[in-house]
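Okay, so here's the structure we're looking at.
The values are calculated or read from the model by the stated rules, or taken from the named source; none is laboratory data. In this text the structure is predicted, and so the values were computed from the model without any measurement. Counting neighbours? That spans all protein chains shown, and the Cβs are built from the backbone with ideal geometry, glycine included. Note: accessible area is taken over every heavy atom of the protein model, side chains too, but ligands, DNA and RNA are not part of it. Shrake-Rupley method; radii C 1.70, N 1.55, O 1.52, S 1.80 Å.
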Amino acid sequence: MIPLYVNLFLVALFTYPLLLRKQTDWEVPICFESCCDFSWSPSMQAYDPPPAYFYTPPQLDAKSSFMTTIGTTIDIIESALRSLSLSLHVSDHPELMFEEQYAHDTLTDFIESHGFVVTRQYLGLKTAWRAEFTHGQGGRTLGINSEMDALPLIGHACGHNLIAVSGVGVAIAVKSALQAHNVPGKVVLIGTPGEEGGGGKIILLERGGYEGMEVCLMCHPTAGPVHSSSLGTTLAMQSIDAEFFGHSAHAGNAPWEGTNALDAAFLVYASVAVLRQQIKPDHRVHGVIQGSKGGANVIPDYSKMRWLVRAPDRDQLRTLRDRVKACFEGAATATGCRLKVTTGKPYYDLRQNGVLGKSAYPARSISRSIPPGGYFAETMSTYHAHAMYIILELPSLHPSFAIPTQPNGGNHTPAFAVSARSTDAHKACMTVTKGLAWTGFRVIADDRFYEQVSAASRQTVRHSLLHDISS
């Protein structure tokens, strides 16, 4: 037995140098700290990934051919996916929400030609669709989303052409791996219309479109440092339409007889501008006054505004929404107008499954792709988040990935529409597609991995329920 004084000496010998280290040596690198800081600094571009992100389960080491199958499949169809993406992007075809008929027809024909059973006009939505492939008996079901719609005036300035072909690529690659390695399972790809404000995924969710899935995957392009990606959250968001009803009068002869609805709209705009000084840095309120056909010599008896309210989570969104609605009510009182408020379906904040996220990075590292160190904060919103928020038991992964952009040319700008059709953007998209396909295949093929994913999802459910009870 070693004497006690010898043990104490050894402890002191090995711990004394550690005690001399500066406090900064113990701090977590900035790029791995909480994403609650919605700022960007060069220090966040460090690519020093934590070791856990590159862990490959031992039981899959001997099955690296799965990754080869997936990578080879995507490489084979990459040029076809590129042509498909460009066909959705060209000026004749960028279609607005729920008008994605060309995208519906083109994507369903393509995926059907690759051996999927396709349901067109899915669940009563004329531009929604479902593509399904089953191999063997039993097994788990992987769900994937493909978005399709463009934006008014600026086309595919959110890169949904890339999202669409990524979903197609993931589905075909996983199908190929199931067949090549004789793994039982099912792949379900959903064409989701109306992402840019229509709530297409929510409608599909309410009609049972996501039933039976074990996991749901998709990705989204954005601006950011080259070869960077994000597994952060997105802001919760809700749209609000405010309509003011007044009384018209001759603006020159008897303006006192009128009740000016346009004045109410401008009071709201000014009130919200003042409100912004008192909201948190990670809250957003933005809106427009919609056009009027009235003449300048007539007191406007009607005006309409559309506002979007965003906050980090569901509860903060509700609070901010009520504060904005108070601006509407104050303007109606001040001008004597009647007010009608219509709230749209909310987007809730995105809750990523951490186990799925960690799995995606080893695959993308193997394929010499996007390093996982370059994280950036998210201030976008998505209906994917709402759908997965409601069915918390359904784990989801929704990484954002950077494509090359011009300065100040981020999402929802004409410059981003140009970037979304570039060759480099397509290459980045294919890289992420391989990572998602590898992760999706593991969900089906790896029992241990799926149990870890499910455990993380159950933990999220427990936290959510506790939060709801406490609030």
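Can you name every residue in segment 133-159 that is more than 19 Å from the chain's Cα centre (by Cα) and part of a loop (DSSP other than H, G, I, E, B)?
First pass over segment 133-159, keeping only residues more than 19 Å from the chain's Cα centre (by Cα): 133-141, 152-154.
Of everything in segment 133-159, those that are more than 19 Å from the chain's Cα centre (by Cα) and part of a loop (DSSP other than H, G, I, E, B) turn out to be 136, 137, 138, 139, 152, 153, 154.
Working carefully through the options 284, 338, 276, 323, find the one that is open to solvent by 70 Å² or more (accessible area, probe 1.4 Å), free of Cβ contacts under 8 Å to residues at least 40 places away in the same chain and charged (D, E, K, R).
Numbers: 284 fails: free of Cβ contacts under 8 Å to residues at least 40 places away in the same chain; 338 fails: free of Cβ contacts under 8 Å to residues at least 40 places away in the same chain; 323 fails: free of Cβ contacts under 8 Å to residues at least 40 places away in the same chain.
Residue meeting the stated conditions: 276.
From the list 209, 199, 232, which residue is touching a Leu at 6+ places or on another chain (Cβ under 7 Å) and closer than 30 Å to residue 185 by Cα?
Details: 199 fails: touching a Leu at 6+ places or on another chain (Cβ under 7 Å); 232 fails: touching a Leu at 6+ places or on another chain (Cβ under 7 Å).
Just a single option satisfies the conditions, and that option is 209.
Residues are listed down the side, and each one gets a yes or a no for (1) open to solvent by less than 40 Å² (accessible area, probe 1.4 Å); (2) more than 25 Å from residue 321 (Cβ to Cβ); (3) in contact with a Cys (Cβ under 7 Å, 6 or more places away or on another chain):
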site	(1), (2), (3)
188	yes, yes, no
199	yes, no, no
209	yes, yes, no
237	yes, no, no
243	yes, no, no
248	no, yes, no
257	no, yes, no
271	no, no, yes
280	no, no, no
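So, in segment 223-233, of the ones that are open to solvent by 10 Å² or more (accessible area, probe 1.4 Å) and within 12 Å of the chain's Cα centre (by Cα), which residue ends up nearest to residue 444 (Cα to Cα)?
Here is the first cut: in segment 223-233, the ones open to solvent by 10 Å² or more (accessible area, probe 1.4 Å) are 223-227, 231-233.
Subsequent filtering for residues that are within 12 Å of the chain's Cα centre (by Cα) retains 231-233.
On the way: 231: 22, 232: 25, 233: 25 Å.
Here the answer is 231.
How many residues does segment 259-269 hold that are closer than 30 Å to residue 311 by Cα and buried (at least 18 other Cβ atoms within 10 Å of the Cβ)? Write out each step before concluding.
Pass one, segment 259-269, residues closer than 30 Å to residue 311 by Cα: 261-269.
After this cut, where a residue has to be buried (at least 18 other Cβ atoms within 10 Å of the Cβ) as well, the list is 261-265, 267-268.
Of the residues in that region, 7 qualify.
Looking at segment 189-213, I want the residues that are on the phi > 0 side of the Ramachandran plot and of a type outside the set (Ser, Thr, Tyr) and have a partner that is crowded, with 24+ Cβ neighbours inside 10 Å and not in a loop (DSSP other than H, G, I, E, B) with Cβ atoms under 6 Å, at least 6 apart or on another chain. Which pairs are those?
194/200; 199/383
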